[in-house]
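Only one structure is covered here, and it is reproduced in the block below.
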Amino acid sequence: MTKIVNHWIGGKTAEGASGIYGPVTNPATGEVTTKVAFASVDEVDAAVAAAKEAFRTWGQSSLAQRTSVLFKFRALLDAHRDEIAELITAEHGKVHSDALGEVARGLEIVDLACGINVQLKGELSTQVASRVDVASIRQPLGVVAGITPFNFPAMVPMWMFPLAIACGNTFVLKPSEKDPSASVRLAELLAEAGLPEGVFNVVHGDKVAVDRLLEHPDVKAVSFVGSTPIARYIHTTASAGGKRVQALGGAKNHMLVLPDADLDAAADAAVSAAYGSAGERCMAISAVVAVGAIGDELVEKIRERAEKIKIGPGDDPASEMGPLITATHRDKVASYVAGAADEGAEVVLDGTGYTVDGHENGHWIGISLLDKVPTTAKAYQDEIFGPVLCVLRADTYEEALDIVNASPYGNGTAIFTRDGGAARRFQLEVEAGMVGVNVPIPVPVGYHSFGGWKDSLFGDHHIYGNDGTHFYTRGKVVTTRWPDPADAPSGVDLGFPRNH
């Protein structure tokens, strides 16, 4: 019997009422294992209404109450991390160790939310004028929404909702319809932790659900992670309705390797950053810029390592890389490799046509490595979102920097060098929001914010960290003047002398 994933509204499962369902496949077999209910406008409205009603009390709840729930949720999440990782592997396809790492990174933000009382401390200036004090405070927005991608079905939602609800907001999540089960399990754990009904809701679906959240007058803010075209649409549409928006888009992350770099360390980093999670992550390194004469040696070291990667089902402990999420996506990724030679690239490794014995219908693709890729090639210009690494050549640091900065994306980047001065110049001169120095995937820890520049981010706030707290609250300044007690009207005795 096919499993059905329903919505979570008002603290309980809500069976789909639209009659429309989407298929969820096991990427390792190609088999449809699950159906997910797609929400109608009325179902989205019901989730928002539940969140709005819950905000009446949750928005006024104490910080102690909110953090108490989050501490219990953190303990439950830690206890069930293997179970959640298994759900991720079954629907996304990533290997179990990758899925466990995803849960661990989500836990970082839950940790941050558990200490939200420090983040929400206000400021006070006394005696700015005679008996006048000024205080700055932060208050929740109300109902906020999150729209999240398929590649991190547990982590990215946890980049959003723990901080949002810790700040006193209520939340409606629209996860990817390709791997929806993890989000519902998180909702169940939140309920088990004691989160009041309606504070956290999950609605599944497609553009119908997304558009309703973007236009709903009771949704005050929208967080999004996904492709650049959709991020731009989310930002434009929601902003037009007066909503606060943080929309994180796509990437083409470059790794610049200088001639003095440790090439073994650089090759190790390039392989893990390009092919980990089958390249389906916005922080993957998809372009290596080799500077000077080290290009041939670096490419050979990458090739040697890439050829040894074990590809197989995510639930096989021997697997180091799993399949892609869908057959359609697999075919699109393969098309970039198939057309690379005609665009002037040298195909060092061709992973198209790869299959796994016993799982021939899975969404498989092997490792691909393209060398001497021109910047005009589609394989370089587009975010492929698969296990394809492009290597570009540059004669100088300045030429390499120009290549990186000419990209329309500015998500993350890295430099490999032994020279501190060169690294310092790079981190100041490169046009990207996150920079790694001898670190290939510079994803910030939870108490620093995540976000890119240029076409990788639409909106003024990065996600999680201090920016996350500011995004989910709004500031208020209170100016107060109280008369001196000694000036109390005649007949009122406050115990103060009638003189100054």
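Points to keep in mind about this one:
- Förster radius 45 Å - calculated FRET efficiency between residue 492 and residue 56 (Cβ-Cβ, nearest 0.05): 0.75
- When both region 58-121 and region 461-478 are represented by their alpha-carbon centers, they are found 20 Å apart.
- Bridge type composition, the chain - antiparallel percent by DSSP, nearest 5: 40
- Each of 200, 125, 473 was placed along the dipole of the chain (beta-carbon charges, centred on the mean Cα), and the one lying farthest toward the positive end is 125.
- Fully extended contour minus Cα-Cα distance, from residue 33 to residue 424, at 0.36 nm per residue: 135.7 nm
- Cα-projected label distance for residue 338 with residue 218, points at 7 Å along beta-carbon direction, nm: 4.9
- Mean sequence separation of contacting Cα pairs (under 8 Å, at least six apart), scaled by the length of region 294-374, corresponds to a relative contact order of 27 percent.
- Counted charge near residue 22, where neighbours are those whose Cβ lies closer than 10 Å (Asp, Glu -1; Lys, Arg +1): 0
- Rel. contact order, % - alpha carbon contacts under 8 angstrom, at least six apart, region 396-500: 20
- Only protein heavy atoms count here; on that basis, with a 1.4 Å probe, residue 55 has an accessible area of about 60 Å².
- With contributions of -39500 (n - 2.57) from each DSSP H run of at least four residues, the per-residue ellipticity at 222 nm computed over the chain stands at -11500 deg cm²/dmol.
- Of all DSSP beta bridges confined to region 1-120, the antiparallel ones make up roughly 75%.
- Relative contact order [Cα under 8 Å, 6+ residues apart], region 199-358, whole percent: 14
- Tensor-based shape of region 1-119 (alpha-carbon gyration tensor, a/c under 1.5 rounded, otherwise prolate or oblate): oblate
- Rounded to the nearest 10 degrees, the angle from helix 263-275 to the longest Cα principal axis of the chain is 70 degrees.
- Counting only protein heavy atoms and a 1.4 Å probe, region 314-431 has 45 square angstrom of accessible area per residue.
- Calculated FRET efficiency, residue 308 to residue 135, Cβ-Cβ distance, R0 = 51 Å: about 0.25 to the nearest 0.05.
- The chain: angle of helix 420-429 to the longest principal axis, Cα-based, in degrees nearest 10: 70
- Annotation for region 358-390 versus region 211-276: alpha-carbon center distance of 19 Å.
- Label-point gap, in nm, between residue 482 and residue 207 - each point 7 angstrom along Cα→Cβ: 5.8
- The angle between the Cα long axis of helix 41-58 and the longest principal axis of the Cα atoms of the chain comes to about 50 degrees, rounded to the nearest 10.
- Each label point was placed 7 Å from the Cα along the Cα-to-Cβ direction; for residue 17 and residue 378 their separation is 4.4 nm.
- Region 310-357 and region 15-33 have their alpha-carbon centroids 24 Å apart.
- Annotation: amide H of residue 173 within the under-5 Å range of 146, 201, 202, 203, sequence separation 5 or more or interchain, hydrogens built in the peptide plane.
- Of the accessible area of the chain, computed with a 1.4 Å probe over protein heavy atoms only, carbon and sulfur atoms account for 51 percent.
- Shape category assigned to the chain from the gyration tensor of Cα positions, a/c cut at 1.5: oblate
- Excluding exposed DSSP-loop trypsin sites (Lys or Arg not before Pro) (at most 14 other C-beta within 10 Å), longest clean stretch of the chain: 132-307
- Cα shape, region 419-500, gyration tensor, a/c 1.5 rule: prolate
- Paramagnetic reach from residue 460 (point 7 Å along Cα→Cβ, amide N under 16 Å) across region 243-270: 243-247
- Rounded FRET efficiency, nearest 0.05, which uses the C-beta distance separating residue 240 from residue 396 and R0 of 35 Å: 0.20
The values are calculated or read from the model by the stated rules, or taken from the named source; none is laboratory data. Nothing here was measured: the structure is a model prediction, and the numbers come from that model. So basically every Cβ, Gly included, is an ideal-geometry build from the backbone, and we count neighbours across all protein chains shown. Just the protein is used for accessible areas: all its heavy atoms, side chains included, with ligands, DNA and RNA removed. Shrake-Rupley method; radii C 1.70, N 1.55, O 1.52, S 1.80 Å.
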